[in-house]
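*Asks:* Take this structure first; my questions come after.
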Amino acid sequence: MREQSPGTAVATAELEATVHAGGFWRLVPESVPRVYDPVTYELLERVLRGLKRLERETE
């Protein structure tokens with residue numbers, strides 16, 4: 001089992017609730033699909049790896 005930082009589960013739940021409620025959709029055009037994957041630990045790790053890769057590429 002993975003250990004999480006204190007508050008990680010709460011922060012993840014808050015992010016998921018915001019996304020599910022459409023909190024970010026006003027920032028993108030209507031042509032962008034409003035379908036997303038459920039927020040999971042694995043998804044967050046994948047996003048983090050991608051962001052770190054982009055950071056390395058721009059250095």
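The values are calculated or read from the model by the stated rules, or taken from the named source; none is laboratory data. Everything numeric in this text was worked out from a predicted model, so none of it was measured. Cβ placement follows ideal geometry from the backbone for every residue including glycine, while neighbour counts extend to all protein chains displayed.
*Asks:* Contact list please: Cβ distance under 9 Å, first residue in region 3-32 and within 14 Å of Leu44 (Cβ to Cβ), second residue exposed (fewer than 11 other Cβ atoms within 10 Å of the Cβ) and modelled with pLDDT of 70 or more, pairs at least six apart or on different chains.
*Replies:* Taking only residues 6 or more apart or on different chains, the pairs are Glu16/Pro38.
Here's the yes/no breakdown for (1) at pLDDT 85 or above; (2) on the phi < 0 side of the Ramachandran plot; (3) touching an Asp or Glu at 6+ places or on another chain (Cβ under 8 Å):
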residue	(1), (2), (3)
Gln4	no, yes, no
Val10	no, yes, no
Thr18	no, yes, no
Gly22	no, no, no
Val32	no, yes, no
Pro38	no, yes, yes
Arg49	yes, yes, no
Arg53	yes, yes, no
Arg56	yes, yes, no
